[in-house]
Amino acid sequence: MPPTAAQSRPEDEDPTRADERPDAALEAWLIARHSCRAFLPEPVPRATIERILDLAQRTASWCNCQPWQVAITEGAGTERLRAALQQRAEQAGFTPDFPFPREYQGEYLARRRESGFQLYGAVGVARGDREAYRRQEMRNFQLFDAPHAAIITTDEALGEYGAMDCGGYVANFLLAAQANGVATVAQASLAMYPEVLREVLGLAPDRRVVCGISFGYADTSHPANSYRTRRAEQAETVSWVMD
């Protein structure tokens, strides 16, 4: 029988005993999860991937439409995708199915810059070194050497709300992977070239690419995995409406 509110309330617990809080495991996964930008070559067992997919499938969606379709690569499939993306990225221009941000301003620009400076500092890209910057940018299309990629698509007819539901799916995929010891990085960059994804993965014409997720086991010795980005304080993102 679950405890009643009078018997046990999280706010009554000793804050030093966080391991007894009902959300302790979730908090641990949220804190431990990070964008992995260097992977080991070892593949993730199929059973582990299927477990991650089962958990992510519990994502809430508008009218329970569950608009996400997920293409998972492994082995030669990953290598074909990696090669095709690198070849396309050497050419100019990109045509994502959903518009990329028009502009970053204010705190969004500041956070983006801070994240970028952390990455470039970790991997030794000097400010103004365009050649080194380009090499690091191309790591996106090499999937950071990950043995797997998950490409997330939605139905064209569902528009932006279908994409929003897919965002929830992506978040749960990342957490489910973390809980199973699998590292991830969500990548909007893979959505830059939907024509490549359609050809390599055989996507239906009515599917719209939301993003990709490269995943596998983290190379913890790589400097790209040595830093963590900060999160805004609650006061920066939340307003309370009372009276």
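The values are calculated or read from the model by the stated rules, or taken from the named source; none is laboratory data. As the structure is a computational prediction, the values presented were derived from the model and not from experiment. Don't worry about glycine lacking a Cβ; one is built from the backbone with ideal geometry, like all the others, and counts go over all protein chains shown.
Count, please, the residues in the range 148-165 that happen to be in a helix (DSSP H, G or I) and touching a Cys at 6+ places or on another chain (Cβ under 8 Å).
Step one: of the range 148-165, the residues in a helix (DSSP H, G or I) are 156-165.
After this cut, where a residue has to be touching a Cys at 6+ places or on another chain (Cβ under 8 Å) as well, the list is 158, 162, 165.
Final tally of qualifying residues: 3.
Pairs, please: C-beta under 9 Å, at least 6 apart or cross-chain, first residue among the basic types (K, R) and in the range 133-158, second modelled with pLDDT of 95 or more and surrounded by 23 or more Cβ atoms within 10 Å (Cβ to Cβ)?
Hits for this filter: R139/R37.
If L53 passes every condition in (1) assigned to a loop (DSSP other than H, G, I, E, B); (2) out of contact with any His (no Cβ under 8 Å at 6 or more places or on another chain); (3) under 26 Å from L203 (Cα atoms); (4) modelled with pLDDT of 95 or more but one, which one does it miss?
Of the numbered conditions (1) assigned to a loop (DSSP other than H, G, I, E, B); (2) out of contact with any His (no Cβ under 8 Å at 6 or more places or on another chain); (3) under 26 Å from L203 (Cα atoms); (4) modelled with pLDDT of 95 or more, the odd one out for L53 is (1).
List the number of the failed condition for I72; all other conditions in (1) surrounded by fewer than 17 Cβ atoms within 10 Å (Cβ to Cβ); (2) in contact (Cβ under 8 Å) with a residue 12 or more places away in the chain hold.
Among (1) surrounded by fewer than 17 Cβ atoms within 10 Å (Cβ to Cβ); (2) in contact (Cβ under 8 Å) with a residue 12 or more places away in the chain, the lone unmet condition for I72 is (1).
Please indicate, with yes or no, whether at least one residue in the range 208-218 is outside any loop (DSSP other than H, G, I, E, B) and over 25 Å from G75 (Cα atoms).
no
Can you tell me how many residues in the range 219-243 are in a helix (DSSP H, G or I), among the hydrophobic types (A, V, I, L, M, F, W, C) and either under 17 Å from L30 (Cβ atoms) or in contact with an Asp or Glu (Cβ under 8 Å, 6 or more places away or on another chain) (or both)? Please lay out each step first, then the result.
Initial filter on the range 219-243 (in a helix (DSSP H, G or I)): 223-225, 234-237.
Add one more test, that the residue is among the hydrophobic types (A, V, I, L, M, F, W, C), and what stays is 224, 235.
Next cut, either under 17 Å from L30 (Cβ atoms) or in contact with an Asp or Glu (Cβ under 8 Å, 6 or more places away or on another chain) (or both) only: none.
Final tally of qualifying residues: 0.
Would you confirm whether any residue within the range 94-106 is in contact (Cβ under 8 Å) with a residue 60 or more places away in the chain and part of a helix (DSSP H, G or I)?
no
Just name the residue that is nearest to P67 (Cα to Cα) out of those in the range 107-147 that are small (G, A, S) and assigned to a loop (DSSP other than H, G, I, E, B).
A146
Can you name the number of the only condition in (1) loosely packed, with under 13 Cβ neighbours inside 10 Å; (2) farther than 28 Å from F94 by Cβ; (3) at pLDDT 95 or above; (4) not aliphatic (A, V, I, L, M) that N180 fails?
(1)
What about A126, is it out of contact with any strand residue (DSSP E or B) (no Cβ under 6 Å at 6 or more places or on another chain) and free of Cβ contacts under 8 Å to residues at least 40 places away in the same chain?
Considered against the rule, which asks whether it is out of contact with any strand residue (DSSP E or B) (no Cβ under 6 Å at 6 or more places or on another chain) and free of Cβ contacts under 8 Å to residues at least 40 places away in the same chain, A126 comes out as yes.
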